[in-house]
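Take a look at the structure below.
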């Protein structure tokens, strides 16, 4: 029963064309290329902010 259902579901799977595959790949690469610097900047910003909150301004020793 289960195997029959799996085979039935696998028959519904549509394989993307070569053009669609390249388009999807380009979209993922562009998204990752945008997110890496964004997350890096947010992380650096929160790190600097927490440093200011917990240790005070730099050179304030």
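The values are calculated or read from the model by the stated rules, or taken from the named source; none is laboratory data. What you see is a predicted model; the values in this text were computed from it and never measured. Glycine gets a Cβ as well: all are built from the backbone with ideal geometry, and neighbour counts include every protein chain shown.
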### Query
All but one of (1) at pLDDT 95 or above; (2) more than 11 Å from the chain's Cα centre (by Cα); (3) exposed (fewer than 10 other Cβ atoms within 10 Å of the Cβ) hold for residue 21; which doesn't?
(3)
### Query
Do we find a residue being assigned to a helix (DSSP H, G or I) and modelled with pLDDT under 95 anywhere in the range 25-47?
yes
